[in-house]
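Contents: one structure, followed by commentary.
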Amino acid sequence: MELLRLAPLRGPNPYTAKPVFEVVVSTRGWRNGRTARLVEQLQPHLPLLCGEEMQPSRLAASGHGRARMSRDMGSLLRDAYHAGAHRSPPVPEILECLVRSFQFLAGVNAEFGEIRETDESDVWTLVFEFEEERLARACLEAAVEVGLAAADQLPLRLPERIKDLVDLADDVRLGPSTRAIVDAAKARGIPCRRMNYTSLVQLGEGCRQRRIWTAETDATSAIAESIASDKDLTKKLLAAAGVPVPRGRVVSSAEDAWAAACEIGLPAVVKPQNANHARGVSLDLRHREQVLGAYDYAVELGDGAPVMVEQFGRGQQHRLLVVGDRMIAAACGEGEFVVGDGRQSVEELVEEANRNPLRGVNYTNQLSVLRLNHSAIDELSRQGLKLESVPESGRRVMVQRIGDLTMDCTNRVHSEVAARAVLAAQTVGLDIAGLDVVAEDISRPLEEQRGMILEVNAGPSLSMHIAPLHGEPQPVGQAIVSMIYPAGKPATIPIALITGTGDRPLVADRLARLLQSSGFCTGLATSRQRRFGTHQLDDGNWTDWSNLESLLMHRHLEAAVCESRPGQAAREGLASPRSDVVIVTQDRVKNDGRSELDRAGILAALNSLAPAGTLVLAVDDPDAELFATRHPGPIYWIASSSINERLLRSDDVIVALRGANVTASGPNRSWSTNCPDGVTPEHSACMIVPAVAAWMVISGSGEARNFEAPR
């Protein structure tokens, strides 16, 4: 088995609108006996490969279920196993299923995949969807290595390989918070564009774009973030607004910490002013030695931040998520315990608990690692225990007072508690905030139980709401997208794509000029030039990708016109992730049919076209019937000869040159416009009329309105 070619198609392509890898695989010299051994060796590992051993909560966090992968991978190998070697599936088919299985186990829901025979014997084209290119390559390499090892009856090392892929996914994928927002945006048809290798993402296009970074938006105030990071200032503002908060103050020394604890009353809490993820926090301190030690611990882990002493609140820890003017979700947790067995020490029990596959240091792990730090040792001493102590069988030993927030409690939050949370977020000035609340019963008002809001966090994690270990996931991503783009607010701008074998730059240039003259601030991206409005940007050696990407990031852009070279689109995928109008040009000089490569590139452009988008196509195009059948939406036919009535549909429009006018006629309507000046007749029908037709669609001439110019 040999990989002859590996090419990422990063945009719409001849196979699908999704990014895919196209892999050419040779199986020359591969004998059926090796295929039989491959199937036989993989058979015992099907529960793992099909995701049947994954935790349901991890599946929820990944945003997908088992059904598709179990059917594809399981049925393929089980059928092959029972059929015998003479009826085994092609090796590339097994390889394709393995690649998607590894992506699935790494958290990527990449459903699209297929194999195709080529004209060469024992050479196949394998195609599979991907999310992150680096991760997909690693999954392919792992699939090849596992396939070869299975065929040669060597150790497969599946658990180790899968762990490596999961760790890589944690490094290269968007985090769960950002991904929840991106998934919700895509479900609404809002384009998403990752802008760097962290979590900065652009939603929408051009003048309608917005940006997010984890759970922060481009409307999140820097002043509000600064206030939220100053815990003492936050408490003063909340107290002034009538929000219940713990009493306390910033201290300057260990002795001052003890003095402050005595002022507010014991028990007390000592923590760094910038405490995050409970780092450097000590709770329920009742004695002088505890407070003094907790001060040193807070200084050690506080990175130079001031130390605070404040009132200790009794009850469970809760995290309330506020988006805009609503509390959207709530989660709660309890302290971390280990249970004695009469044999193992506390330290050994903690080591055993940390072997739980749900625990880890990756942000996708649902439980954090238990750490035997100063706070834990202090907690053990309260219970009369040390690290080497052996608790009796059945005894619950608390290791950490602040545990992971694993339980959804959204439906239990009292309306007054939710109102206090919203008031707290608005007082600080945050559009998205995570509120740390301590309360014995979250279904009662805070004032009734001396409950309090401890902190207001900017850019909070959404993980505990997306995939709680207990309870129902909450639609937090949808809530954030709805705040950014309320119902009816558009996120996209018109994008026209010029493809085919004719003079694409000329058609694109003419269309851009027409749109600019109609009031659209228009960007143009072709192999000859890049232009924004009337400003020529440069004549550099830009690719189709960098041309269009740079335009769509422009905050004033109201419409975009770009060229797609069919050969490049077939080999690399389309630069435009979506388009609203596609013009297929043809070479009038060489009008002798297209190459398969050019045809594949044009089909890639059609895959980018929205179902309700418009295709502009010449009636005498040699591939007119093929392209028309691939697009369910309206077609503007450029007529230089009679049209095949069989191809016409109810919403199609015929556009033609009549003297000095371009006329268009559709169902029960017709309209016309002047042909642009300075156009030679021989170029009008094949070059200019398609541009005018696309302009009619985008500008809204007659009843062909698909878009309105942003104002």
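Using the Kirkwood formula on the Cα atoms of region 369-490, what hydrodynamic radius do you get, in angstrom to one decimal? Kindly include the intermediate steps, with their values, before the conclusion.
Working: mean 1/r = 0.0572 Å⁻¹.
About 17.5 Å, per the Kirkwood formula over Cα pairs.
Using R₀ = 30 Å, calculate the FRET efficiency as 1/(1 + (r/R₀)^6) where r is the Cβ-Cβ separation of SER650 and THR673; round to 0.05. Efficiency computed from Cβ-Cβ geometry: 0.80.
Relative to the current alpha-carbon distance between LEU4 and ARG37, full extension at 0.36 nm per residue lengthens the span by 9.5 nm. With each label modelled as a point 7 angstrom along the Cα→C-beta vector, the VAL339-SER642 pair spans 8.5 nm. With all pairs of different C-alpha atoms in the average, the Kirkwood value for the hydrodynamic radius of region 336-400 is 12.0 Å.
Annotation: extensible slack from ARG314 through GLU300 equals 2.4 nm (criterion: 0.36 nm per residue apart, minus Cα-Cα distance). Reducing region 111-148 and region 260-292 to their Cα centroids gives an inter-centroid distance of 56 Å. As a calculated quantity, the FRET efficiency between ILE402 and TYR197 at R0 = 35 Å, using C-beta atoms, amounts to about 0.65. Extension gain for ALA419 to ASP171 (0.36 nm times residue separation, less C-alpha to C-alpha distance): 85.5 nm. A crude spin-label estimate for the pair GLU447 and ARG412, with each label 7 Å from Cα along the Cβ direction, gives 2.4 nm. Hey, quick one: spin label on LYS489, modelled 7 Å out along Cα-Cβ, who in region 208-248 has an amide N within reach, i.e. under 17 Å? Inside the label zone: 208-213, 215-221.
The percentage of C-alpha pairs in the chain whose separation is greater than 35 Å is 57%. Close Lys pairs in the chain, defined as Cα atoms under 23 Å apart and 8 or more places apart or on different chains, number 5.
By the helix-only formula, in which each DSSP H run with n ≥ 4 contributes -39500 (n - 2.57) and the sum is divided by residues, the chain has a 222 nm mean residue ellipticity of -10000 deg cm²/dmol. For the modelled label position 7 Å from the Cα of GLU133 along Cα-to-Cβ, which residues of region 14-39 have backbone nitrogen atoms closer than 17 Å? Label zone hits: 14, 18-24. Averaging over all projection directions, the Cα-based convex hull of region 375-421 occupies 5.4 nm² in the image plane. Across region 495-699 the C-alpha pair distances fall into 10 Å bins from zero in the proportions 9, 38, 38, 14, 1 percent. Taking the three principal axes of the alpha carbon atoms in region 247-312, the coordinate ranges are 26, 20, 19 Å, sorted in descending order. The label-point distance for ALA222 and THR118, in a model that sets each label 7 Å from Cα toward Cβ, rounds to 5.3 nm.
Each reported figure results from applying straightforward, stated rules to the coordinates on display, with no laboratory input. From a predicted model like this one, the values you see are computed outputs, not experimental measurements. Quick reminder, even Gly has a Cβ in these numbers, built from the backbone with ideal geometry, and neighbours come from all protein chains shown.
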